[in-house]
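Remarks on the structure that follows.
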């Protein structure tokens with residue numbers, strides 16, 4: 001080998017060494033530390049963060065890349081490339097972070113490594129990790145199609161955990177039972193579900209032929225094969241006010257108008273509020289519909305219809321007879337009622353139905369309307385107690401006995417007292433006053449009157465002899481909030497109660513004096529026997545001889561020596577011109593009385609006119625056909641003439657027979 005050849009070889013080796021040293025100097029030298037990731041994760045979390053530090057002791061690198069390699073489970077990595085500075089003189093550290101994303105329903109571990117790979121020269125580095133997936137068995141039930149009394153529903157059964165199931169049991173319990181069917185229409189009781197799998201199941205209600213307005217419900221339960229993991233779903237079936245649900249389709253409910261004429265609102269009713277509701281019904285079919293009824297319902301939270309507890313003004317109460325409607329015609333039913341003072345406060349569902357009583361409610365009935373606020377089925381109504389302290393006490397069912405009075409009468413006034421407020425009362429005082437009649441009475445309820453309580457009380461008042469014939473306004477008021485002998489609250493307003501007094505004028509004429517006649521009075525004995533110590537009833541007939549409608553007061557006089565007057569019913573009679581009415585007078589005969597006794601029936605018109613009729617009866621005998629009453633009424637003269645004629649006819653017949661025999 002020549003020197004020249006040796007020199008060239010040496011030069012090449014030096015060059016290669018120099019190049020190798022240059023490469024070593026320009027390569028990145030990476031190290032990884034402080035790796036952070038969670039130890040466990042939920043299968044449904046979807047991702048978890050991972051971060052670490054990279055230290056470079058070599059040349060700078062413009063784009064360090066990151067690659068995910070999984071050894072267990074499936075996942076993807078989001079971690080952008082990053083540059084790192086030159087660390088040949090002094091090492092350089094950077095912090096990097098990324099996200100490992102994974103699909104739900106996996107179990108076991110998510111394990112693998114992230115390869116840190118410099119873009120230039122230099123070795124890559126591995127960042128291993130392993131995250132345990134929490135074991136979470138689970139089942140989920142979801143209603144997809146609503147079940148009704150006439151249609152099936154569907155539910156979705158989902159394995160939303162990360163454990164496979166085989167033989168998930170389906171059962172039901174509640175107001176009705178359910179049959180389950182798979183997508184092929186086969187009836188099933190169980191099904192298999194892998195983690196994350198969903199299946200649609202058809203549900204068929206059994207025993208839903210008749211569902212009340214309150215509806216029914218059942219609970220579906222899905223139980224996994226570990227007997228521990230379960231899911232529940234409540235199926236509610238809405239009821240109907242119609243007997244078998246809305247049928248026929250030819251009637252329509254529309255234009256529902258609620259008018260609260262009391263202190264509350266249209267959808268917030270106070271106790272004793274008067275409510276008027278109009279409901280329009282239209283025949284949208286092509287034929288005439290006969291015997292249409294509109295019915296109102298007020299259902300409580302238990303689905304019980306409480307409408308019968310309302311006080312209706314219309315004769316049909318909660319049911320209104322519309323009659324017939326031709327095709328295209330419409331008519332309105334009007335319901336007017338008062339919320340009674342003892343009605344239970346709370347939330348109610350107000351609804352209506354219209355049906356044909358001719359073809360039957362099961363053939364033609366509607367109970368839905370677009371005017372209803374809740375699912376086209378009803379309006380929510382709140383019935384509330386009184387919060388105004390001056391209106392806590394209310395009165396209802398006020399009755400006078402007798403209903404109308406005359407001078408000298410004693411009147412029994414009975415009424416119900418209610419606490420409609422939102423506070424209990426220890427003691428309540430009720431006042432009844434009228435200055436003209438000299439009435440100033442009170443009754444104290446000392447046993448307390450709690451919220452919603454009722455107490456019936458009675459006033460016994462006397463009508464003075466100098467009273468005038470007119471309608472008197474009696475004032476009812478209350479005092480309450482009792483403390484240490486003092487009533488600290490009184491009612492804001494008095495309640496006015498009207499009492500009619502008639503027959504207090506002076507006598508101007510009667511049958512015996514031949515004055516202007518106002519009535520005729522006839523009588524007969526109602527009782528078969530008149531005995532001492534017994535009861536006798538006399539039926540009097542009063543006929544109006546005046547030319548206009550008049551109210552008459554009936555009384556009995558002159559009986560005190562042999563009997564006690566128990567009642568006159570009715571005490572006051574309103575008669576049109578020429579009209580007559582019967583009045584029953586009941587007496588209790590004193591012990592030891594016998595023989596003929598008498599009394600007078602007095603009738604007054606309130607304008608100073610009066611009529612008297614004496615009635616005689618025999619105590620101690622049996623009376624047939626009213627013979628115990630010796631009064632022959634206002635036609636006694638005609639009766640005498642008739643009797644004489646009968647006697648004469650009999651005599652003529654006797655004489656004629658005798659003559660014929662001769």
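Quick notes
- The listed residues are 380, 324, 308, 347, and the only one of them that is free of Cβ contacts under 8 Å to residues at least 12 places away in the same chain and either surrounded by 15 or more Cβ atoms within 10 Å (Cβ to Cβ) or not in a loop (DSSP other than H, G, I, E, B) (or both) turns out to be 308.
- Residues satisfying the stated conditions in segment 510-532, i.e. farther than 28 Å from residue 411 by Cα, assigned to a loop (DSSP other than H, G, I, E, B) and either modelled with pLDDT under 85 or in contact with a strand residue (DSSP E or B) (Cβ under 6 Å, 6 or more places away or on another chain) (or both): 511, 512, 513, 514, 515, 516, 517, 528, 530, 532
- Which listed residue is outside the structural domain of residue 396 (by TED's automatic domain parsing), exposed (fewer than 15 other Cβ atoms within 10 Å of the Cβ) and over 54 Å from the mean Cα position of the chain (by Cα), from 529, 597: 529
- Within segment 264-297, the set of residues being surrounded by fewer than 18 Cβ atoms within 10 Å (Cβ to Cβ), in contact (Cβ under 8 Å) with a residue 24 or more places away in the chain and either outside the structural domain of residue 330 (by TED's automatic domain parsing) or assigned to a loop (DSSP other than H, G, I, E, B) (or both) comprises 267, 284, 285, 286, 287, 288.
- Output for segment 445-471, where each listed residue is free of Cβ contacts under 8 Å to residues at least 40 places away in the same chain and surrounded by fewer than 19 Cβ atoms within 10 Å (Cβ to Cβ): 446, 447, 448, 450, 453, 455, 468, 470, 471
- Odd one out for residue 313, checked against (1) more than 21 Å from residue 354 (Cβ to Cβ); (2) loosely packed, with under 15 Cβ neighbours inside 10 Å; (3) touching a strand residue (DSSP E or B) at 6+ places or on another chain (Cβ under 7 Å): (1)
- Residues of segment 535-561 classified as surrounded by fewer than 20 Cβ atoms within 10 Å (Cβ to Cβ) and over 25 Å from residue 608 (Cβ atoms), total: 5
- Against the conditions (1) assigned to a loop (DSSP other than H, G, I, E, B); (2) in contact with a strand residue (DSSP E or B) (Cβ under 6 Å, 6 or more places away or on another chain); (3) within 30 Å of residue 222 (Cβ to Cβ), residue 143 satisfies every one except (1).
- Only a single criterion out of (1) within 21 Å of residue 402 (Cα to Cα); (2) in contact with a helix residue (DSSP H, G or I) (Cβ under 6 Å, 6 or more places away or on another chain) is not satisfied by residue 584, namely (2).
- Among the residues making up segment 238-263, a single one is part of a strand (DSSP E or B), within 19 Å of the chain's Cα centre (by Cα) and not assigned by TED's automatic domain parsing to the domain that holds residue 349: 243.
- Condition met for residue 136 (closer than 26 Å to residue 226 by Cα and assigned to a strand (DSSP E or B)): no
- From the list 343, 372, the one residue that fits, being closer than 21 Å to residue 254 by Cβ and within 15 Å of the chain's Cα centre (by Cα), is 372.
Conditions tested, residue by residue: (1) assigned to a loop (DSSP other than H, G, I, E, B); (2) touching a helix residue (DSSP H, G or I) at 6+ places or on another chain (Cβ under 9 Å); (3) closer than 30 Å to residue 231 by Cβ; (4) not assigned by TED's automatic domain parsing to the domain that holds residue 200.
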| position | (1), (2), (3), (4) |
| --- | --- |
| 86 | yes, no, no, yes |
| 98 | no, no, no, yes |
| 104 | yes, no, yes, yes |
| 111 | no, no, no, yes |
| 126 | no, no, no, yes |
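- Residues located in segment 147-162, provided they are assigned to a strand (DSSP E or B) and over 29 Å from the mean Cα position of the chain (by Cα): 154, 155, 156, 157, 158
The values are calculated or read from the model by the stated rules, or taken from the named source; none is laboratory data. Just so it is clear, the model here is predicted, and its values are computed rather than measured. Neighbour counts are summed over all protein chains in view; Cβ atoms, including those assigned to glycine, are modelled from backbone coordinates with ideal geometry.
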